[in-house]
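Presented below is the structure to which this report refers.
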Amino acid sequence: MTTTLAQQPAASAAPKQAPAVGHSGPVEAERWSTTAILAFVRTAAARTGSGLWKAAGIIAFLALWELGPTYLASPSTRVFLPPLHEVLAAWGKLFESGSIQGHLAASLTRSVSGFGAALVAGVSLGLLIAWYGRLNSVLNPLLELFRNTAALALLPVFTLLLGIGEESKISIVAYAAFFPVLLNTIAGVKTVDPLLIRAAKSLGLSSLALFRKVILPSAVPTIFTGIRMAGTASILVLIAAEMVGAKAGLGYLIVNAQSSFLIPDMYAGILTVSLLGLAVNFLLVALERHFSRWRTAVGSGS
């Protein structure tokens, strides 16, 4: 009897709680939406702060370039070191006249041609040398000799043999970009984990399948390190080669503006070279991430 009476208030109390549950739905949803908005705002603020922190050095450099010649340098120094806004104005005039586009196109054509030839030759020969030990023993002394010879030191040789036309400039770019790709390809193949190779052989993979599915993907990060170094070298060597003998190109623009005492135009050409190198580096990093997606997948899975 007592048990029955004790259960009746509990049973009658249950319906009274039902409206509370029904009214808590919108409140709970609103609370969760507010939390999500706050989390999004915090993440966006953190990313913005991180981006500003990374760009702080560049912003400080540009501010110094703009304010330094005006307020810190003497008038004679200001002639040879114009502030940033004068350089940007000169760059705008070169862009409007189409001059900067023509010089940039000429430099890109030479750089891409030489870099492409070095990429194909460096990767192919590097894979062969790393795969066949006897070939490595034969070619390694010769490669070490040429690797330690500066590309610009051979510029007169290329000019004498190939003339002052496009062939000499493309060849010197290919020579400068070849060795970083070659050496990093060899290093990438040789540093593959031996356990991976043994595991693949135990699964019955043929030599071609082992090379294509294990060795080459494992060597991709190291190969791309050499490719990025080669991309930078191809631009730097080309600019120097264009300063010696050329009628178009960013190097020619810089040295011609300097000899004509067009100092803002000279700095505009230098700024264009810097932006070109930065764009090439970003492009190669994006390609490296694309071809190394399996590393990201393995890391996220673990």
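The values are calculated or read from the model by the stated rules, or taken from the named source; none is laboratory data. Quantities reported herein were computed from a predicted structural model and do not represent experimental measurements. Protein only, heavy atoms only, side chains kept; ligands, DNA and RNA dropped before computing areas. Shrake-Rupley method; radii C 1.70, N 1.55, O 1.52, S 1.80 Å.
Surface composition of the range 75-140: carbon and sulfur atoms hold 70% of the protein heavy-atom accessible area at a 1.4 Å probe. Viscosity 1.567 mPa s, temperature 4 °C: Stokes-Einstein D of the range 71-149 from its Kirkwood Cα radius, in µm² per second? The Stokes-Einstein estimate is 75 µm²/s. What the pair-distance distribution of the range 123-244 shows, using all Cα-Cα distances binned every 5 Å from zero, is 2, 11, 18, 17, 16, 13, 9, 6, 4, 3, 1, 0 percent.
Accessible surface for the range 53-138, divided over its residues, is 62 Å² per residue with a 1.4 Å probe. How much of the accessible area of the range 142-270, in percent, comes from carbon and sulfur atoms when a 1.4 Å probe is used? Carbon and sulfur together cover 68 percent of it.
A quarter of the convex hull surface defined by the alpha-carbon atoms of the range 53-98 gives 4.1 nm² as the mean projection. Rounded to the nearest whole angstrom, the semi-axes of the ellipsoid equivalent to the range 165-302, taken from the Cα gyration tensor as √(5λ), stand at 42, 17, 9, largest first. Calculated accessible area for the range 182-293 comes out at 52 Å² per residue, all protein chains present (probe 1.4 Å; ligands, DNA, RNA ignored).
V157 contributes an accessible area of around 70 Å² to the protein surface, as traced by a 1.4 Å probe with all chains present.
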